[in-house]
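Below is one structure, written out as structure tokens; the observations come after it.
The values are calculated or read from the model by the stated rules, or taken from the named source; none is laboratory data. From a predicted model like this one, the values you see are computed outputs, not experimental measurements. As a convention, Cβ positions derive from the backbone with ideal geometry for all residues, glycine included, and neighbour counts pool all protein chains shown. The accessibility values were calculated without ligands, DNA or RNA, using every heavy atom of the protein model including side chains. Shrake-Rupley method; radii C 1.70, N 1.55, O 1.52, S 1.80 Å.
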Amino acid sequence: MPEKLQFTTYEREEAIRLYNSIKEQVGTSLHEGDEEKMRHYLQSYLEQPEVSRDVFGLNPVLLSLQTAKIVVEGIGLRRDAVLAILLHASVEGGFATIGQVQADFGESVARILHGLKRIQELYKKNPAVESENFRNLLLSFAEDMRVILIMIADRVNLMRQIRDADNDEARRRVSEEAAYLYAPLAHKLGLYQLKSELEDLSLKYLEHDAYYHIKEKLNATKAARDAYIANFIGPIEQKLKEAGLKFHMKGRTKSIHSIWQKMKKQKCPFEGVYDLFAIRIIIDCPEDKEKMQCWQVYSIVTDMYQPNPKRLRDWLSVPKSNGYESLHITVLGPEQKWVEVQIRTERMDEVAERGVAAHWRYKGVKSEGGLDDWLNGIRSMLENSSGMEAMDQFKMELYEDEVFVFTPRGDLFKFPKGATVLDFAYHIHSKIGNQCVGARINNKVVTIRHELQSGDQVEIMTQTNQKPKQEWVNIVKTSRAKSKIRLALRETQQAEGLFAKEALERKFKNRKIEWEEPVLMHLMKRLGFKEASEFYRQIASGQLDVNYVADRYVEEKQREAAVTGDNVARSAAGFELDESKLSPLNATSSDDVLVIDQNLKGIDFQLSKCCHPIYGDAVFGFVTAGGGIKIHRMDCPNAPELRKRFGYRIVKAKWSGKGTSMYSITLRVVGTDDIGIVNNLTNIISKDERLVLRSINIDSHDGLFSGNLVVMLDDTSRMESLMKKLRTVKGVKQVTRI
């Protein structure tokens with residue numbers, strides 16, 4: 001019997017310390033009775049013998065408390081998130097239900113738990129999510145914003161704890177996932193501190209030598225760097241105090257991961273990376289004076305040090321979609337070194353450090369709508385892509401810079417870098433996008449492929465006869481536009497297909513041709529169409545003429561000689577048969593018997609011309625619109641469509657009683673074009689008195705031949721024997737029945 005989870009002395013002391021710390025920080029947000037109920041759940045969980053450590057040997061309860069601590073201190077979440085984290089293990093282990101949790105703690109906690117549970121189902125015993133599960137993972141994320149934040153905190157905590165883990169393979173996979181999924185998520189949501197930690201720890205575990213090389217270099221240059229920062233900020237500090245501003249300043253060293261990325265990008269050593277740090281000036285002021293004082297600080301700094309105008313980043317006027325607001329400038333400091341200066345307020349700094357969670361404290365922040373747009377974009381993307389396609393698209397949208405463009409009326413819209421005129425059109429309205437033929441940007445006419453640039457004024461041009469095209473999907477960059485184009489294409493195809501089918505039906509009616517769906521399906525296949533939608537699309541576009549289709553349909557229907565009753569084939573015109581080899585049977589004289597449905601015998605039927613069933617084939621009956629029954633082979637090319645659309649017309653059928661009836665089959669023969677190949681094939685058939693060759697049609701091209709043999713025989717066993725003999729002929733590569 002498995003033992004209960006045992007705590008080490010350190011784990012017990014650490015768990016108590018974390019619990020008390022979390023309780024002190026979130027205590028005011030707890031409801032009456034929350035703590036007692038949660039203690040009961042935890043106690044019940046720990047009493048279960050199934051509770052065990054994870055693949056890294058970590059204590060699950062301690063992990064939950066550590067994650068809760070990060071969520072509280074690093075992100076700013078409170079009661080609902082903390083309770084969900086601490087109760088998750090009990091729900092996941094099956095010792096409590098989400099329904100019980102909802103009854104005790106409310107719907108909000110239950111909703112977070114539901115999202116966490118869905119994600120955990122993807123992980124199972126494997127600590128890293130596979131790429132094919134990416135779609136489901138993001139769907140779970142999108143349920144509740146706090147689920148994303150908790151999972152990021154959980155991954156940060158896990159990365160901290162697996163430093164000394166023995167399972168190198170599991171640590172590698174967890175680290176890779178932290179780098180390609182969780183760090184980009186943290187970046188998009190404005191959790192820059194956690195994002196940097198995830199990237200640094202991933203580098204530490206995946207590229208150990210590079211990480212410690214940079215770390216040692218940073219330690220060696222720390223004293224000189226600190227001295228330079230003090231020398232740089234001294235004069236600025238004096239000027240800001242003289243201006244009467246309340247502020248504090250700090251230097252921030254670039255993360256190890258960022259330095260490593262820059263070294264690889266610029267192909268330079270550590271010494272070649274000059275912007276190793278940034279100076280942050282954080283102002284304490286009322287919200288209505290934020291922009292004014294930030295620009296005042298900008299003026300003071302640029303008066304003292306020469307700015308680089310190309311490196312100005314104004315996220316005050318137009319914040320990022322994750323809510324980030326700040327003013328970034330790069331100036332030439334002492335010793336002719338470039339230094340980045342970030343100017344922001346206390347409120348902006350908390351949003352930057354804690355990301356989206358800080359919005360819940362500052363109501364009315366403009367960018368909350370942007371976050372909703374982003375999540376809606378994720379949902380739209382997931383509806384139209386899957387697997388690695390979704391992964392690539394998601395990463396593209398995370399890492400691309402943003403461009404800001406204007407409508408003629410002055411409305412401002414934000415797009416990822418690389419977005420086109422067509423993206424802009426679909427952003428305004430689906431109808432505008434569907435009819436877009438180009439745009440007028442800054443009074444210059446451009447095509448739908450033209451990439452947008454920040455500051456562009458865009459006026460979309462439309463034409464009523466314009467329609468979406470398949471290649472448009474590759475022109476647009478945003479998932480929203482891709483989704484709308486695919487929807488429009490589907491609607492267009494359906495409308496065109498209906499129009500084309502009606503046109504074909506009218507043509508058949510005018511020429512007094514009976515419409516038979518199975519025959520038409522067989523014709524589509526013969527013409528090389530895999531989908532009926534493509535067949536009708538070509539008719540609608542004029543690529544396929546309705547008169548040509550009608551002619552080919554008649555040929556298809558009359559491909560074999562006219563057959564009645566039980567479909568005994570007659571001899572083709574001009575083809576002489578030895579009458580002694582055939583019994584000229586009809587439906588009433590045949591002694592081959594088909595039992596239709598349960599035990600109905602003697603019912604009139606016809607053997608379908610689309611698959612030519614013969615005695616011994618597995619067959620079924622299909623009740624036609626006229627009330628007759630047509631017999632099809634189970635493997636008839638039209639069988640799936642008939643079962644799908646007209647399942648209620650399908651009846652069972654089987655052969656019973658062997659007679660003397662003979663049937664026509666067509667064999668497809670493919671092989672090398674050797675001398676005498678045709679004679680060798682026909683000799684095999686002529687030697688068997690029970691076989692009659694009705695026709696042979698052979699084509700030769702580039703040393704290969706392919707042809708159809710139409711043969712009369714009595715059942716499937718003789719057919720299989722014939723096919724086996726034909727395959728022995730020298731040069732024959734393939735013999736199949738069609």
TODO: Could you tell me which residue of the range 219-263 is nearest to Thr302 (Cα to Cα), considering only residues that are touching a Cys at 6+ places or on another chain (Cβ under 9 Å) and without any contact (Cβ under 8 Å) to a residue 40 or more places away in the chain?
DONE: Lys246
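Let's see how each residue does on (1) open to solvent by 20 Å² or more (accessible area, probe 1.4 Å); (2) more than 19 Å from Leu149 (Cα to Cα); (3) assigned to a helix (DSSP H, G or I); (4) at pLDDT 90 or above:
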position: Leu201; (1), (2), (3), (4): yes, no, yes, yes
position: Ala210; (1), (2), (3), (4): no, yes, yes, yes
position: His213; (1), (2), (3), (4): yes, yes, yes, yes
position: Lys222; (1), (2), (3), (4): yes, yes, yes, no
TODO: Taking Arg17 as the residue in question, decide whether it is closer than 21 Å to Gly93 by Cα, open to solvent by 30 Å² or more (accessible area, probe 1.4 Å) and basic (Lys, Arg).
DONE: no
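Of the residues Lys652, Lys644, which is farther than 22 Å from Arg737 by Cα and modelled with pLDDT of 80 or more?
Lys652
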Task: Filter pass, Ile329 being over 30 Å from Val82 (Cβ atoms), at pLDDT 85 or above, open to solvent by less than 50 Å² (accessible area, probe 1.4 Å) and in contact with a Gly (Cβ under 8 Å, 6 or more places away or on another chain) - done: no
Task: Selection count where residues are part of a loop (DSSP other than H, G, I, E, B) and closer than 21 Å to Tyr615 by Cβ, scope the range 677-690 - done: 3
Open item on the list: Cβ-Cβ distance below 7 Å, separation of 6 or more or different chains: which pairs start in the range 502-525 with a residue that is without any contact (Cβ under 8 Å) to a residue 12 or more places away in the chain and end on one that is surrounded by 12 or more Cβ atoms within 10 Å (Cβ to Cβ) and of a type in the set (A, V, I, L, M, F, W, C)?
Closed with: Glu505/Trp515; Trp515/Phe508; Met524/Ala532; Met524/Phe535
Open item on the list: Can you say whether Asn231 is open to solvent by 60 Å² or more (accessible area, probe 1.4 Å) and either acidic (Asp, Glu) or over 16 Å from Arg344 (Cα atoms) (or both), as far as the supplied structure shows?
Closed with: yes
Open item on the list: Given the condition surrounded by fewer than 21 Cβ atoms within 10 Å (Cβ to Cβ) and assigned to a helix (DSSP H, G or I), answer yes or no: does some residue in the range 45-55 qualify?
Closed with: yes
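Has the range 25-39 got at least one residue that is among the polar types (S, T, N, Q), out of contact with any Gly (no Cβ under 8 Å at 6 or more places or on another chain) and without any contact (Cβ under 8 Å) to a residue 40 or more places away in the chain?
Let us first name the residues in the range 25-39 that are among the polar types (S, T, N, Q), namely 25, 28-29.
If we keep only those that are out of contact with any Gly (no Cβ under 8 Å at 6 or more places or on another chain) too, we end up with 25, 28-29.
Filter again for without any contact (Cβ under 8 Å) to a residue 40 or more places away in the chain, leaving 28.
Checking the range 25-39: at least one residue is among the polar types (S, T, N, Q), out of contact with any Gly (no Cβ under 8 Å at 6 or more places or on another chain) and without any contact (Cβ under 8 Å) to a residue 40 or more places away in the chain.
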Task: So Ile152, is it under 27 Å from the mean Cα position of the chain (by Cα) and touching a residue at least 12 places away in the same chain (Cβ under 8 Å) - done: yes
TODO: Might you check whether a residue that is in contact (Cβ under 8 Å) with a residue 24 or more places away in the chain, at negative phi, hydroxyl-bearing (Ser, Thr, Tyr) and open to solvent by less than 60 Å² (accessible area, probe 1.4 Å) occurs anywhere in the range 550-560?
DONE: yes
Open item on the list: Which of the numbered conditions does Gln453 fail, given that it passes all the others? Conditions: (1) closer than 21 Å to Gln538 by Cα; (2) under 30 Å from the mean Cα position of the chain (by Cα).
Closed with: (1)
Task: Selection within the range 693-716 - open to solvent by 40 Å² or more (accessible area, probe 1.4 Å), over 46 Å from the mean Cα position of the chain (by Cα) and touching a residue at least 40 places away in the same chain (Cβ under 8 Å) - done: Ser695
TODO: Tell me, please, whether a residue that is surrounded by fewer than 18 Cβ atoms within 10 Å (Cβ to Cβ), among the small types (Gly, Ala, Ser) and either in contact with a Pro (Cβ under 7 Å, 6 or more places away or on another chain) or under 23 Å from Val619 (Cα atoms) (or both) can be found in the range 676-683.
DONE: no
- [ ] Return the pairs, sorted by first residue and then second, in which the second residue is outside any helix (DSSP H, G or I) and open to solvent by less than 60 Å² (accessible area, probe 1.4 Å), the first residue lies in the range 95-117 and is more than 15 Å from His40 (Cα to Cα) and touching a residue at least 24 places away in the same chain (Cβ under 8 Å), the beta carbons are less than 8 Å apart, and the residues are 6+ apart or on different chains.
- [x] Arg111/Asp144; Ile112/Asp144; Gly115/Asp144
TODO: Name every residue in the range 293-319 that is in contact (Cβ under 8 Å) with a residue 12 or more places away in the chain, closer than 16 Å to Ile279 by Cα and polar (S, T, N, Q), in order of residue number.
DONE: Thr302, Gln306, Asn308
- [ ] Tell me which residues, restricted to the range 238-258, are over 30 Å from Glu207 (Cβ atoms), open to solvent by 50 Å² or more (accessible area, probe 1.4 Å) and in contact with a strand residue (DSSP E or B) (Cβ under 6 Å, 6 or more places away or on another chain).
- [x] His248
Task: Members of the range 237-257 found to be more than 19 Å from Asp349 (Cα to Cα) and of a type in the set (A, V, I, L, M), listed by number - done: Ala243, Ile256
- [ ] Filter the range 116-166 down to residues that are modelled with pLDDT of 85 or more and of a type outside the set (A, V, I, L, M) and give me whichever is surrounded by the fewest Cβ atoms within 10 Å (Cβ to Cβ).
- [x] Arg163
- [ ] May I ask you to say which residue of Gly657, Gly671, Gly707 is touching an Asp or Glu at 6+ places or on another chain (Cβ under 9 Å) and over 18 Å from Ile614 (Cβ atoms)?
- [x] Gly707
Open item on the list: Exactly one of these conditions fails for Asp635: (1) charged (D, E, K, R); (2) surrounded by fewer than 19 Cβ atoms within 10 Å (Cβ to Cβ); (3) in contact (Cβ under 8 Å) with a residue 60 or more places away in the chain. Give me its number.
Closed with: (3)
Task: Any pair with Cβ under 8 angstrom, 6 or more apart, that starts in the range 717-728 at a residue that is within 20 Å of Gly676 (Cβ to Cβ) and ends at one that is assigned to a helix (DSSP H, G or I) - done: Leu722/Ile684; Leu722/Ile685; Lys725/Ile684; Leu726/Leu681; Leu726/Ile684
- [ ] Give the range 691-736 a look and list any residue that's assigned to a loop (DSSP other than H, G, I, E, B) and farther than 28 Å from Ser656 by Cβ, or say none.
- [x] Asp702, Gly703, Thr728, Val729, Lys730, Gly731
- [ ] Identify all residues within the range 635-676 that are assigned to a helix (DSSP H, G or I) and out of contact with any Lys or Arg (no Cβ under 8 Å at 6 or more places or on another chain); write none if there are none.
- [x] Pro640, Glu641, Arg643, Lys644, Arg645, Phe646, Gly647, Tyr648, Arg649
